[in-house]
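This report refers to the structure that appears directly beneath it.
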Amino acid sequence: MATVFLVTLYEYSPLFYITVVFICFLVTSGLVLGWFGLGVPVILRNSEETESSIRVLKKQMRQVKNPFGLEIPHASAASVTKGVTLAPDCLEDCILTCYWGCSVQKLHEALQKHVYCFRIKTPQALEDALYSEYLYRQQYFIKKNDKEEKCCQLPEDAQVVDFGPVPRSRYPLIALLTLADEEDREIYDIISMVAVIHVPDESYRLSCRILYQYLLLAQGQYHDLKQLFMSANSTAPSLSDTSPGEASTDRSLLEKVGLAEDESELHEESSKDCVVCQNGTVNWVLLPCRHTCLCDGCIKYFQQCPMCRQFVQESFPLCSKKEQDEDESTRVLQDVLPGRVF
Ligand SMILES: [Zn+2]
Ligand SMILES: [Zn+2]
């Protein structure tokens, strides 16, 4: 009996060991897959795959033309009593309407009305939404491409020298730019721009500056125009993008001001070195930190911003010719405002 058993074991032992090893392999594989999920563990991925996973983060952009531009050329000289000089720079005939001492609450209600009720495309529409919650109003006609400076000043008899201690219920100055011609309003996606301007007075001496710029779209959204932080020297042209307004969360706009020549000029000017390789042209904007510090070659290696270490949730290129060639259906919006500081 024992002899028969030993002989059988001897005959089948290679098969027995192979079976045992195979079962062990299956159990180990099961444990490894269970631990990491069905995906491939990060350490086993090659760099090509890492690149593709980052590319998913690319923000879908849309190109829009912004007919409005506004600057404060002599910000240091501005005050509530001496007035503010505004330099509009518009691609079409526009109307500049300045509201002194506009109610903060009413302005934000007006922006909501633009989204949900009626579009603010004329000064009258904004006034209807503000319910006259401002102290004084001035209006100027701005001719196309005319960069003439306009001096906005409160009249002496308005008797306003101060907007009181912070926090305030009124913005010192709101500048509204709207298109003068009815036809132009059909052409542009951006139908008006609201700039919230701080003007220093006795109780709050912070120098004059644009606090917010809202671009109002014909479709009823509005976008807050924001500055990009370029990694290169401060003489670089200021680049701006808009973060999505409440009405559209999936898209961000970058606006384009000026003509094609301006753009090419800007690209020459902005051929700044990437902070990582010190060689490539800075092209990628990282969100949410808005640092613009990486070139096309280096962007794929970063999931955190190399300047502030913030995790990159999305990114988009400033110059995206390649992308448009790759995918015509996804229009990549990219744009820049030459020489504007917000
Ligand atoms: Zn680089
Ligand atoms: Zn950053």
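The selection criterion, being of a type outside the set (A, V, I, L, M, F, W, C) and either at pLDDT 90 or above or within 16 Å of ligand 2 (Cβ to nearest atom) (or both), does not hold for SER252. The residues of segment 299-342 that are modelled with pLDDT of 50 or more, away from ligand 2 (no atom under 14 Å from the Cβ), not small (Gly, Ala, Ser) and not in a strand (DSSP E or B), listed by number, are LYS300, TYR301, LEU318, CYS319, LYS321, LYS322.
Restricting the first residue to segment 143-155 and requiring it to be closer than 12 Å to SER79 by Cβ, which pairs with a second residue that is assigned to a loop (DSSP other than H, G, I, E, B) meet a Cβ separation below 6 Å and a spacing of at least six or different chains? Pairs that qualify, where the first residue is closer than 12 Å to SER79 by Cβ and the partner is assigned to a loop (DSSP other than H, G, I, E, B), are LEU154/VAL160. For segment 79-108, a residue qualifies if it is under 25 Å from the mean Cα position of the chain (by Cα) and aliphatic (A, V, I, L, M), and the qualifying residues are LEU86, ALA87, LEU91, LEU96, VAL104, LEU107.
Yes or no, residue by residue, for (1) buried (at least 19 other Cβ atoms within 10 Å of the Cβ); (2) within 15 Å of PRO123 (Cα to Cα); (3) in contact with an Asp or Glu (Cβ under 7 Å, 6 or more places away or on another chain):
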position	(1), (2), (3)
VAL160	no, no, no
GLY164	no, no, no
LEU176	yes, yes, no
LEU179	yes, yes, yes
GLU183	no, no, no
ILE187	no, no, no
ALA195	yes, yes, no
ASP201	no, no, yes
SER207	no, no, no
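Being more than 16 Å from ligand 1 (Cβ to nearest atom), at pLDDT below 90 and within 24 Å of LEU91 (Cβ to Cβ), is that true of even one residue in segment 270-288? No, segment 270-288 contains no residue that is more than 16 Å from ligand 1 (Cβ to nearest atom), at pLDDT below 90 and within 24 Å of LEU91 (Cβ to Cβ). Would you pick out the residues in segment 291-306 that are surrounded by fewer than 19 Cβ atoms within 10 Å (Cβ to Cβ) and either under 15 Å from the mean Cα position of the chain (by Cα) or more than 12 Å from ligand 1 (Cβ to nearest atom) (or both)? Selection gives GLN303, GLN304.
Out of CYS152, CYS102, CYS94, CYS117, one residue alone is modelled with pLDDT of 90 or more and over 24 Å from GLN219 (Cα atoms). It is CYS102.
Please verify whether segment 132-146 includes one or more residues that are under 28 Å from the mean Cα position of the chain (by Cα) and assigned to a strand (DSSP E or B).
Going residue by residue through segment 132-146, those that are under 28 Å from the mean Cα position of the chain (by Cα) are 142, 144-146.
After this cut, where a residue has to be assigned to a strand (DSSP E or B) as well, the list is 142.
Within segment 132-146, one or more residues are under 28 Å from the mean Cα position of the chain (by Cα) and assigned to a strand (DSSP E or B).
The values are calculated or read from the model by the stated rules, or taken from the named source; none is laboratory data. Note that this is a predicted model, so its numbers are computed, not measured. Cβ sites come from the backbone with ideal geometry, for glycine too, and all protein chains shown count toward neighbours.
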